[in-house]
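Read through the structure below, which is laid out as C-alpha coordinates, and then see the notes.
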Amino acid sequence: ARLLPAGAGAETPGAEGAPLPRTALSPRRFVVLLIFSLYSLVNAFQWIQYSIISNVFEGFYGVTLLHIDWLSMVYMLAYVPLIFPATWLLDTRGLRLTALLGSGLNCLGAWIKCGSVQQHLFWVTMLGQCLCSVAQVFILGLPSRIASVWFGPKEVSTACATAVLGNQLGTAVGFLLPPVLVPNTQNDTNLLACNISTMFYGTSAVATLLFILTAIAFKEKPQYPPSQAQAALQDSPPEEYSYKNSIRNLFKNIPFVLLLITYGIMTGAFYSVSTLLNQIILTYYKGEEVNAGRIGLTLVVAGMVGSILCGLWLDYTKTYKQTTLIVYILSFIGMVIFTFTLDLGYIIIVFVTGGVLGFFMTGYLPLGFEFAVEITYPESEGTSSGLLNASAQIFGILFTLAQGKLTSDYDPMAGNIFLCVWMFIGIILTALIKSDLRRHNINIGITNDDIKAVPADSPTDQEPKTVMLPKQSESAI
(Lines give C-alpha, C1' and ligand atoms only; values in the text may rest on other atoms or scores of the structure.)
Protein backbone atom coordinates (compact mmCIF):
# COMPACT_ATOMS: atom_id res chain seq x y z
CA ALA A 1 0.00 0.00 0.00
CA ARG A 2 1.07 3.59 -0.52
CA LEU A 3 1.05 6.44 1.96
CA LEU A 4 -1.41 8.90 0.43
CA PRO A 5 -1.46 12.39 1.96
CA ALA A 6 -4.72 14.19 1.28
CA GLY A 7 -4.92 17.63 -0.26
CA ALA A 8 -4.32 19.50 -3.49
CA GLY A 9 -1.19 18.78 -5.40
CA ALA A 10 0.30 17.18 -8.45
CA GLU A 11 -2.14 14.78 -10.02
CA THR A 12 0.13 11.77 -10.02
CA PRO A 13 -2.01 8.66 -9.51
CA GLY A 14 -1.11 6.39 -6.61
CA ALA A 15 -1.29 2.65 -6.51
CA GLU A 16 -5.03 2.80 -5.67
CA GLY A 17 -5.98 5.65 -8.02
CA ALA A 18 -5.81 8.45 -5.43
CA PRO A 19 -3.79 11.55 -6.33
CA LEU A 20 -0.40 11.97 -4.73
CA PRO A 21 0.45 15.47 -3.48
CA ARG A 22 2.43 17.80 -5.68
CA THR A 23 6.17 17.71 -5.10
CA ALA A 24 8.73 20.10 -6.56
CA LEU A 25 12.34 21.14 -6.00
CA SER A 26 12.88 24.80 -5.14
CA PRO A 27 15.96 26.61 -6.52
CA ARG A 28 16.18 28.40 -3.15
CA ARG A 29 17.30 25.13 -1.55
CA PHE A 30 20.87 25.81 -2.68
CA VAL A 31 20.85 29.29 -1.09
CA VAL A 32 19.57 27.88 2.21
CA LEU A 33 22.18 25.13 2.15
CA LEU A 34 25.00 27.57 1.33
CA ILE A 35 24.11 30.06 4.07
CA PHE A 36 23.81 27.33 6.67
CA SER A 37 27.09 25.73 5.61
CA LEU A 38 28.92 29.06 5.88
CA TYR A 39 27.75 30.05 9.36
CA SER A 40 28.34 26.48 10.50
CA LEU A 41 31.87 26.90 9.11
CA VAL A 42 32.49 30.00 11.24
CA ASN A 43 31.18 28.26 14.35
CA ALA A 44 33.47 25.25 13.82
CA PHE A 45 36.42 27.59 13.19
CA GLN A 46 35.84 29.19 16.59
CA TRP A 47 35.72 25.77 18.24
CA ILE A 48 39.24 24.75 17.20
CA GLN A 49 41.01 28.13 16.91
CA TYR A 50 42.42 27.92 20.46
CA SER A 51 43.38 24.25 20.63
CA ILE A 52 45.55 24.17 17.52
CA ILE A 53 47.83 26.84 19.04
CA SER A 54 47.23 25.84 22.66
CA ASN A 55 50.83 26.56 23.68
CA VAL A 56 50.52 30.14 22.37
CA PHE A 57 47.31 30.90 24.29
CA GLU A 58 48.69 29.12 27.35
CA GLY A 59 51.58 31.58 27.41
CA PHE A 60 49.49 34.65 26.54
CA TYR A 61 46.83 34.19 29.21
CA GLY A 62 49.15 32.56 31.76
CA VAL A 63 46.86 29.56 32.29
CA THR A 64 47.34 25.78 32.10
CA LEU A 65 46.86 23.60 29.03
CA LEU A 66 43.74 22.17 30.67
CA HIS A 67 42.21 25.66 30.69
CA ILE A 68 42.88 25.94 26.95
CA ASP A 69 41.45 22.46 26.35
CA TRP A 70 38.26 23.58 28.07
CA LEU A 71 37.87 26.34 25.47
CA SER A 72 37.25 23.46 23.09
CA MET A 73 35.46 21.12 25.49
CA VAL A 74 32.94 23.82 26.47
CA TYR A 75 31.38 23.21 23.03
CA MET A 76 30.80 19.60 24.06
CA LEU A 77 29.71 20.43 27.61
CA ALA A 78 27.12 23.03 26.57
CA TYR A 79 25.53 20.74 24.02
CA VAL A 80 24.42 17.99 26.40
CA PRO A 81 21.95 19.93 28.64
CA LEU A 82 20.80 22.30 25.88
CA ILE A 83 20.06 19.78 23.12
CA PHE A 84 16.58 18.94 24.42
CA PRO A 85 15.26 22.53 24.54
CA ALA A 86 17.00 23.20 21.21
CA THR A 87 15.35 20.26 19.44
CA TRP A 88 12.02 21.17 21.05
CA LEU A 89 12.42 24.66 19.61
CA LEU A 90 13.24 23.25 16.17
CA ASP A 91 10.21 20.95 16.21
CA THR A 92 7.72 23.50 17.56
CA ARG A 93 8.99 26.87 16.28
CA GLY A 94 10.60 25.80 13.05
CA LEU A 95 13.75 25.84 10.98
CA ARG A 96 14.10 29.60 10.41
CA LEU A 97 14.01 30.66 14.08
CA THR A 98 16.50 27.95 14.99
CA ALA A 99 18.82 29.10 12.20
CA LEU A 100 18.59 32.73 13.34
CA LEU A 101 19.46 31.77 16.91
CA GLY A 102 22.46 29.72 15.80
CA SER A 103 23.82 32.41 13.51
CA GLY A 104 23.03 35.27 15.93
CA LEU A 105 24.65 33.71 19.00
CA ASN A 106 27.67 32.76 16.91
CA CYS A 107 28.03 36.40 15.85
CA LEU A 108 27.59 37.72 19.42
CA GLY A 109 30.16 35.30 20.85
CA ALA A 110 32.69 36.32 18.20
CA TRP A 111 32.32 40.02 19.10
CA ILE A 112 32.69 39.37 22.85
CA LYS A 113 36.02 37.63 22.20
CA CYS A 114 37.26 40.82 20.53
CA GLY A 115 37.25 42.38 24.00
CA SER A 116 39.41 39.65 25.53
CA VAL A 117 42.78 40.52 23.98
CA GLN A 118 44.51 41.32 27.26
CA GLN A 119 46.48 38.85 29.33
CA HIS A 120 44.21 39.09 32.40
CA LEU A 121 40.94 38.65 30.44
CA PHE A 122 40.86 34.89 29.95
CA TRP A 123 37.37 34.83 31.49
CA VAL A 124 36.10 37.15 28.72
CA THR A 125 37.37 34.88 25.97
CA MET A 126 35.77 31.95 27.83
CA LEU A 127 32.46 33.87 27.98
CA GLY A 128 32.55 34.49 24.23
CA GLN A 129 33.40 30.84 23.62
CA CYS A 130 30.49 29.77 25.82
CA LEU A 131 28.08 31.78 23.65
CA CYS A 132 29.55 30.20 20.52
CA SER A 133 29.10 26.80 22.13
CA VAL A 134 25.41 27.57 22.76
CA ALA A 135 25.11 28.63 19.11
CA GLN A 136 26.49 25.24 18.12
CA VAL A 137 23.47 23.55 19.75
CA PHE A 138 21.22 25.31 17.22
CA ILE A 139 23.53 24.35 14.33
CA LEU A 140 24.57 20.71 14.60
CA GLY A 141 21.05 19.28 14.43
CA LEU A 142 20.06 21.08 11.23
CA PRO A 143 21.85 19.23 8.37
CA SER A 144 19.43 16.30 8.15
CA ARG A 145 16.39 18.59 8.69
CA ILE A 146 17.48 20.99 5.94
CA ALA A 147 18.18 18.06 3.62
CA SER A 148 14.79 16.44 4.26
CA VAL A 149 12.70 19.63 4.11
CA TRP A 150 14.37 21.18 1.05
CA PHE A 151 15.88 18.36 -1.06
CA GLY A 152 14.48 15.48 -3.11
CA PRO A 153 15.00 11.76 -2.38
CA LYS A 154 17.78 11.43 -4.97
CA GLU A 155 19.84 14.24 -3.45
CA VAL A 156 18.94 14.19 0.25
CA SER A 157 22.04 12.27 1.40
CA THR A 158 24.34 14.45 -0.70
CA ALA A 159 22.67 17.59 0.70
CA CYS A 160 23.11 16.34 4.26
CA ALA A 161 26.76 15.53 3.55
CA THR A 162 27.25 19.03 2.07
CA ALA A 163 25.69 20.64 5.16
CA VAL A 164 28.01 18.63 7.40
CA LEU A 165 30.83 19.60 5.03
CA GLY A 166 30.51 23.26 6.04
CA ASN A 167 31.23 22.37 9.64
CA GLN A 168 34.17 20.23 8.61
CA LEU A 169 35.54 23.00 6.40
CA GLY A 170 35.37 25.35 9.39
CA THR A 171 37.46 22.90 11.38
CA ALA A 172 39.91 22.72 8.48
CA VAL A 173 40.22 26.52 8.33
CA GLY A 174 40.56 26.50 12.13
CA PHE A 175 43.53 24.18 11.82
CA LEU A 176 45.13 26.21 9.02
CA LEU A 177 44.70 29.92 9.81
CA PRO A 178 45.42 30.39 13.56
CA PRO A 179 49.05 29.12 13.36
CA VAL A 180 49.58 31.51 10.42
CA LEU A 181 47.72 34.52 11.86
CA VAL A 182 49.05 34.06 15.42
CA PRO A 183 52.63 32.76 15.26
CA ASN A 184 54.42 31.93 18.50
CA THR A 185 55.90 35.34 19.42
CA GLN A 186 55.90 34.97 23.22
CA ASN A 187 58.89 37.33 23.46
CA ASP A 188 56.79 40.18 21.99
CA THR A 189 53.48 40.31 23.87
CA ASN A 190 52.23 43.42 22.04
CA LEU A 191 52.70 41.78 18.64
CA LEU A 192 51.03 38.62 19.90
CA ALA A 193 48.03 40.62 21.17
CA CYS A 194 47.79 42.43 17.83
CA ASN A 195 47.77 39.14 15.93
CA ILE A 196 45.11 37.63 18.19
CA SER A 197 43.01 40.77 17.78
CA THR A 198 43.26 40.52 13.98
CA MET A 199 41.98 36.94 14.10
CA PHE A 200 39.09 37.80 16.43
CA TYR A 201 37.92 40.88 14.50
CA GLY A 202 38.10 39.09 11.16
CA THR A 203 35.96 36.26 12.54
CA SER A 204 33.42 38.75 13.92
CA ALA A 205 33.06 40.56 10.59
CA VAL A 206 32.36 37.33 8.70
CA ALA A 207 29.92 36.12 11.37
CA THR A 208 28.02 39.42 11.20
CA LEU A 209 27.66 39.24 7.41
CA LEU A 210 26.35 35.68 7.62
CA PHE A 211 23.81 36.59 10.31
CA ILE A 212 22.44 39.33 8.04
CA LEU A 213 22.21 36.88 5.12
CA THR A 214 20.44 34.35 7.34
CA ALA A 215 17.85 36.94 8.35
CA ILE A 216 17.24 37.93 4.73
CA ALA A 217 17.36 34.67 2.77
CA PHE A 218 16.77 31.71 5.11
CA LYS A 219 13.17 30.51 4.73
CA GLU A 220 11.17 27.97 6.75
CA LYS A 221 10.36 25.55 3.92
CA PRO A 222 9.72 25.48 0.15
CA GLN A 223 6.27 26.11 -1.35
CA TYR A 224 5.90 22.44 -2.27
CA PRO A 225 7.43 19.42 -0.48
CA PRO A 226 10.42 17.90 -2.29
CA SER A 227 9.44 14.25 -1.73
CA GLN A 228 6.48 12.00 -0.95
CA ALA A 229 7.98 11.24 2.47
CA GLN A 230 8.07 14.95 3.30
CA ALA A 231 4.56 15.44 1.91
CA ALA A 232 3.27 12.72 4.22
CA LEU A 233 4.84 14.48 7.21
CA GLN A 234 3.49 17.89 6.20
CA ASP A 235 -0.02 16.49 5.76
CA SER A 236 -0.29 15.05 9.26
CA PRO A 237 -2.31 16.91 11.93
CA PRO A 238 -0.01 19.07 14.11
CA GLU A 239 -1.91 18.11 17.26
CA GLU A 240 -0.70 14.52 16.88
CA TYR A 241 2.89 15.53 17.62
CA SER A 242 4.37 15.11 21.10
CA TYR A 243 8.02 15.92 21.67
CA LYS A 244 8.07 13.74 24.78
CA ASN A 245 6.58 10.81 22.87
CA SER A 246 9.09 11.34 20.08
CA ILE A 247 12.00 11.05 22.54
CA ARG A 248 10.39 7.99 24.10
CA ASN A 249 9.91 6.35 20.70
CA LEU A 250 13.55 6.94 19.79
CA PHE A 251 14.84 5.33 22.98
CA LYS A 252 12.55 2.34 22.41
CA ASN A 253 14.10 1.91 18.96
CA ILE A 254 16.95 -0.55 19.64
CA PRO A 255 18.76 -0.01 16.30
CA PHE A 256 18.77 3.74 16.99
CA VAL A 257 20.11 3.25 20.53
CA LEU A 258 22.97 1.16 19.12
CA LEU A 259 23.65 3.83 16.50
CA LEU A 260 23.55 6.46 19.26
CA ILE A 261 26.41 4.71 21.05
CA THR A 262 28.50 3.92 17.96
CA TYR A 263 28.12 7.45 16.54
CA GLY A 264 29.15 8.88 19.91
CA ILE A 265 32.27 6.71 20.01
CA MET A 266 33.41 7.59 16.49
CA THR A 267 32.66 11.30 16.63
CA GLY A 268 33.90 11.63 20.22
CA ALA A 269 37.21 10.09 19.12
CA PHE A 270 37.42 12.62 16.27
CA TYR A 271 36.75 15.52 18.68
CA SER A 272 39.42 14.23 21.06
CA VAL A 273 42.07 13.86 18.34
CA SER A 274 41.23 17.32 16.97
CA THR A 275 41.41 18.98 20.39
CA LEU A 276 44.72 17.35 21.36
CA LEU A 277 46.38 17.34 17.93
CA ASN A 278 48.75 20.19 18.76
CA GLN A 279 49.95 18.41 21.91
CA ILE A 280 50.25 15.06 20.10
CA ILE A 281 52.34 16.44 17.23
CA LEU A 282 54.57 18.69 19.35
CA THR A 283 55.49 15.73 21.59
CA TYR A 284 57.37 14.15 18.69
CA TYR A 285 58.08 17.19 16.47
CA LYS A 286 59.18 20.20 18.53
CA GLY A 287 58.44 23.68 17.14
CA GLU A 288 56.11 22.36 14.43
CA GLU A 289 53.00 24.37 15.34
CA VAL A 290 52.35 25.34 11.71
CA ASN A 291 52.73 21.76 10.50
CA ALA A 292 50.45 20.56 13.29
CA GLY A 293 47.81 22.89 11.87
CA ARG A 294 48.50 21.63 8.36
CA ILE A 295 48.12 18.03 9.52
CA GLY A 296 44.77 18.97 11.03
CA LEU A 297 43.85 20.62 7.73
CA THR A 298 44.83 17.46 5.85
CA LEU A 299 42.76 15.34 8.22
CA VAL A 300 39.63 17.44 7.74
CA VAL A 301 39.96 18.12 3.99
CA ALA A 302 40.36 14.39 3.37
CA GLY A 303 37.28 13.90 5.53
CA MET A 304 35.33 16.43 3.47
CA VAL A 305 36.07 14.39 0.35
CA GLY A 306 35.02 11.27 2.24
CA SER A 307 31.76 12.92 3.35
CA ILE A 308 30.75 13.92 -0.16
CA LEU A 309 31.66 10.53 -1.63
CA CYS A 310 29.73 8.73 1.11
CA GLY A 311 26.71 10.97 0.52
CA LEU A 312 26.78 10.32 -3.23
CA TRP A 313 27.20 6.59 -2.60
CA LEU A 314 24.17 6.50 -0.27
CA ASP A 315 21.99 8.40 -2.75
CA TYR A 316 22.98 5.88 -5.43
CA THR A 317 22.85 2.60 -3.47
CA LYS A 318 20.82 3.19 -0.25
CA THR A 319 23.18 0.68 1.44
CA TYR A 320 23.17 2.50 4.77
CA LYS A 321 24.25 -0.22 7.19
CA GLN A 322 26.84 -1.81 4.91
CA THR A 323 28.48 1.53 4.12
CA THR A 324 28.43 2.64 7.76
CA LEU A 325 30.04 -0.61 8.94
CA ILE A 326 32.75 -0.60 6.26
CA VAL A 327 33.66 3.05 6.96
CA TYR A 328 33.78 2.28 10.70
CA ILE A 329 36.20 -0.60 10.14
CA LEU A 330 38.41 1.50 7.86
CA SER A 331 38.42 4.34 10.42
CA PHE A 332 39.64 1.89 13.07
CA ILE A 333 42.41 0.67 10.75
CA GLY A 334 43.36 4.29 10.00
CA MET A 335 43.55 5.07 13.73
CA VAL A 336 45.82 2.08 14.34
CA ILE A 337 48.16 3.11 11.52
CA PHE A 338 48.20 6.75 12.72
CA THR A 339 49.02 5.61 16.26
CA PHE A 340 51.97 3.38 15.41
CA THR A 341 53.61 5.66 12.83
CA LEU A 342 53.63 8.88 14.90
CA ASP A 343 57.09 8.34 16.39
CA LEU A 344 58.96 7.33 13.23
CA GLY A 345 60.52 10.79 12.95
CA TYR A 346 59.17 11.58 9.47
CA ILE A 347 56.43 14.20 9.65
CA ILE A 348 55.40 13.53 6.03
CA ILE A 349 54.19 10.10 7.19
CA VAL A 350 51.95 11.82 9.76
CA PHE A 351 50.44 13.91 6.95
CA VAL A 352 49.61 10.74 4.99
CA THR A 353 48.23 8.74 7.92
CA GLY A 354 46.30 11.77 9.18
CA GLY A 355 44.71 12.13 5.74
CA VAL A 356 43.69 8.47 5.67
CA LEU A 357 42.27 8.73 9.19
CA GLY A 358 40.33 11.88 8.35
CA PHE A 359 38.93 10.49 5.08
CA PHE A 360 37.09 7.70 6.87
CA MET A 361 36.57 9.17 10.35
CA THR A 362 35.09 12.46 9.18
CA GLY A 363 33.40 10.78 6.22
CA TYR A 364 31.40 8.77 8.75
CA LEU A 365 29.57 11.83 10.16
CA PRO A 366 26.87 12.26 7.46
CA LEU A 367 26.46 8.47 7.30
CA GLY A 368 25.38 8.45 10.93
CA PHE A 369 22.91 11.31 10.41
CA GLU A 370 21.26 9.78 7.37
CA PHE A 371 21.18 6.23 8.78
CA ALA A 372 19.45 7.61 11.89
CA VAL A 373 16.79 9.40 9.83
CA GLU A 374 16.10 6.20 7.88
CA ILE A 375 15.67 3.88 10.86
CA THR A 376 13.65 6.40 12.93
CA TYR A 377 11.30 7.83 10.25
CA PRO A 378 8.86 9.52 10.73
CA GLU A 379 10.31 10.93 13.95
CA SER A 380 11.80 14.40 13.64
CA GLU A 381 15.20 14.59 11.96
CA GLY A 382 16.15 17.37 14.37
CA THR A 383 15.47 15.17 17.38
CA SER A 384 17.41 12.14 16.11
CA SER A 385 20.31 14.32 14.95
CA GLY A 386 20.30 16.18 18.24
CA LEU A 387 20.55 12.98 20.25
CA LEU A 388 23.39 11.74 18.02
CA ASN A 389 25.28 14.96 18.59
CA ALA A 390 24.61 14.85 22.34
CA SER A 391 26.13 11.37 22.43
CA ALA A 392 29.12 12.67 20.46
CA GLN A 393 29.65 15.54 22.91
CA ILE A 394 29.48 13.24 25.96
CA PHE A 395 31.98 10.80 24.48
CA GLY A 396 34.06 13.75 23.24
CA ILE A 397 34.45 15.21 26.73
CA LEU A 398 35.24 11.83 28.30
CA PHE A 399 37.68 10.86 25.54
CA THR A 400 39.44 14.25 25.55
CA LEU A 401 39.93 14.19 29.32
CA ALA A 402 41.09 10.55 29.31
CA GLN A 403 43.31 10.85 26.24
CA GLY A 404 44.76 14.14 27.49
CA LYS A 405 45.61 12.55 30.85
CA LEU A 406 47.21 9.51 29.19
CA THR A 407 49.14 11.75 26.79
CA SER A 408 50.55 13.97 29.54
CA ASP A 409 51.27 11.16 32.02
CA TYR A 410 52.64 8.65 29.50
CA ASP A 411 52.78 9.51 25.79
CA PRO A 412 50.42 10.10 22.82
CA MET A 413 50.56 6.40 21.88
CA ALA A 414 48.84 5.44 25.15
CA GLY A 415 46.04 7.93 24.49
CA ASN A 416 45.60 6.79 20.91
CA ILE A 417 45.47 3.11 21.88
CA PHE A 418 42.71 4.03 24.32
CA LEU A 419 40.69 5.41 21.39
CA CYS A 420 41.46 2.35 19.24
CA VAL A 421 39.93 0.05 21.87
CA TRP A 422 36.73 2.05 21.95
CA MET A 423 36.50 2.21 18.16
CA PHE A 424 36.78 -1.59 18.01
CA ILE A 425 33.82 -1.81 20.40
CA GLY A 426 31.98 0.55 18.04
CA ILE A 427 32.55 -1.85 15.13
CA ILE A 428 30.93 -4.72 17.04
CA LEU A 429 27.90 -2.62 18.01
CA THR A 430 27.48 -1.30 14.45
CA ALA A 431 27.34 -4.87 13.15
CA LEU A 432 24.39 -5.51 15.49
CA ILE A 433 22.23 -2.66 14.09
CA LYS A 434 19.15 -3.86 12.21
CA SER A 435 18.70 -1.96 8.95
CA ASP A 436 15.05 -0.87 8.51
CA LEU A 437 14.98 1.83 5.82
CA ARG A 438 11.60 3.37 6.65
CA ARG A 439 11.95 6.68 4.81
CA HIS A 440 13.27 4.98 1.68
CA ASN A 441 10.32 2.55 1.74
CA ILE A 442 7.85 5.45 1.86
CA ASN A 443 9.54 7.13 -1.11
CA ILE A 444 9.27 3.97 -3.21
CA GLY A 445 5.68 3.35 -2.11
CA ILE A 446 5.99 0.72 0.63
CA THR A 447 4.14 1.45 3.87
CA ASN A 448 4.95 -0.09 7.23
CA ASP A 449 2.10 -0.44 9.74
CA ASP A 450 4.43 0.74 12.50
CA ILE A 451 4.94 4.12 10.83
CA LYS A 452 2.77 6.98 12.00
CA ALA A 453 3.41 10.41 10.61
CA VAL A 454 4.42 13.37 12.74
CA PRO A 455 4.27 16.97 11.50
CA ALA A 456 7.00 18.87 9.76
CA ASP A 457 4.78 21.87 9.06
CA SER A 458 5.79 25.40 9.81
CA PRO A 459 4.43 26.25 13.26
CA THR A 460 2.56 29.15 11.65
CA ASP A 461 0.54 26.99 9.23
CA GLN A 462 -3.17 27.32 10.01
CA GLU A 463 -4.92 24.91 7.65
CA PRO A 464 -5.54 21.46 9.21
CA LYS A 465 -4.49 18.53 7.08
CA THR A 466 -4.97 14.78 7.26
CA VAL A 467 -2.98 11.80 6.19
CA MET A 468 -4.38 8.42 5.19
CA LEU A 469 -2.55 5.38 6.49
CA PRO A 470 -3.53 1.91 5.32
CA LYS A 471 -4.93 -0.46 7.90
CA GLN A 472 -2.92 -3.34 6.56
CA SER A 473 0.44 -3.37 4.90
CA GLU A 474 0.46 -4.56 1.29
CA SER A 475 3.24 -4.93 -1.17
CA ALA A 476 3.37 -2.17 -3.76
CA ILE A 477 6.14 -3.69 -5.78
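The values are calculated or read from the model by the stated rules, or taken from the named source; none is laboratory data. The structure displayed is predicted, hence computed values, not measured ones. So basically every Cβ, Gly included, is an ideal-geometry build from the backbone, and we count neighbours across all protein chains shown.
Across segment 385-417, which residue is nearest to LEU89 (Cα to Cα) among those that are assigned to a helix (DSSP H, G or I) and among the hydroxyl-bearing types (Ser, Thr, Tyr)?
Per the criteria, the residue is SER385.
Helices (runs of 4 or more DSSP H) wholly in segment 68-173 with at least 3 residues that are surrounded by fewer than 23 Cβ atoms within 10 Å (Cβ to Cβ) - which ones?
By residue number, 95-114, 122-137.
State whether the residues of segment 377-387 include one that is modelled with pLDDT of 85 or more and buried (at least 22 other Cβ atoms within 10 Å of the Cβ).
Yes: one or more hits.
How do the pairs read when you match residues in segment 211-227 that are in contact (Cβ under 8 Å) with a residue 40 or more places away in the chain and surrounded by fewer than 16 Cβ atoms within 10 Å (Cβ to Cβ) with residues anywhere that are part of a loop (DSSP other than H, G, I, E, B) and among the hydrophobic types (A, V, I, L, M, F, W, C), using Cβ under 9 Å and keeping only pairs 6 or more apart or on different chains?
Every condition considered, the pairs that remain are GLN223/ALA24.
So how many residues does segment 113-141 have that are out of contact with any Phe, Trp or Tyr (no Cβ under 7 Å at 6 or more places or on another chain), β-branched (Val, Ile, Thr) and more than 20 Å from LEU38 (Cα to Cα)?
Selection size over segment 113-141: 2.
Look at segment 346-375 and say how many of its residues are touching a Cys at 6+ places or on another chain (Cβ under 9 Å) and of a type in the set (Val, Ile, Thr).
Number of matching residues: 1.
Within segment 169-202, track down each residue that is among the aliphatic types (A, V, I, L, M) and within 29 Å of VAL305 (Cα to Cα).
LEU169, ALA172, VAL173, LEU176, LEU177, VAL180, LEU181, VAL182, MET199
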